[in-house]
Amino acid sequence: MPEIGETEIRSKVQNLLDTAINPAVAMHGGFVQLLDVKDNSVYLQMGGGCQGCGAADITLKQGIERMIREEVPEVTEILDVTDHAAGANPYYSPSKG
């Protein structure tokens with residue numbers, strides 16, 4: 001299988017965000033943006049209801065990351081670079097410790 005480059009990874013991940021991931025998280029008022037692809041690592045930022053949501057990590061690990069790895073196996077790492085502490089209107093507020 002030939003290796004694909006960052007441009008193709010970016011295109012495949014963006015397509016997945018547009019067609020599957022964002023329509024799903026939009027139900028909770030959220031969205032996910034592709035910020036960058038470097039050395040087969042994907043940098044994502046969550047916003048809207050996802051930013052600061054207590055379930056954002058679960059959504060990322062069990063939903064978004066799984067889908068990206070299935071569709072784009074060349075991706076080696078998926079990084080959430082969201083500042084969740086700045087979330088103004090999370091769908092599900094984390095419990096206060």
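Observations, loosely collected:
- Any hit, segment 29-48, residues being surrounded by fewer than 18 Cβ atoms within 10 Å (Cβ to Cβ), in contact (Cβ under 8 Å) with a residue 60 or more places away in the chain and not in a strand (DSSP E or B): yes
- The residue that is modelled with the lowest pLDDT, among those in segment 72-88 that are surrounded by 14 or more Cβ atoms within 10 Å (Cβ to Cβ) and out of contact with any Gly (no Cβ under 7 Å at 6 or more places or on another chain), is 82.
The values are calculated or read from the model by the stated rules, or taken from the named source; none is laboratory data. The structure displayed is predicted, hence computed values, not measured ones. We place every Cβ from the backbone using ideal geometry, glycine too, and count neighbours over all the protein chains shown.
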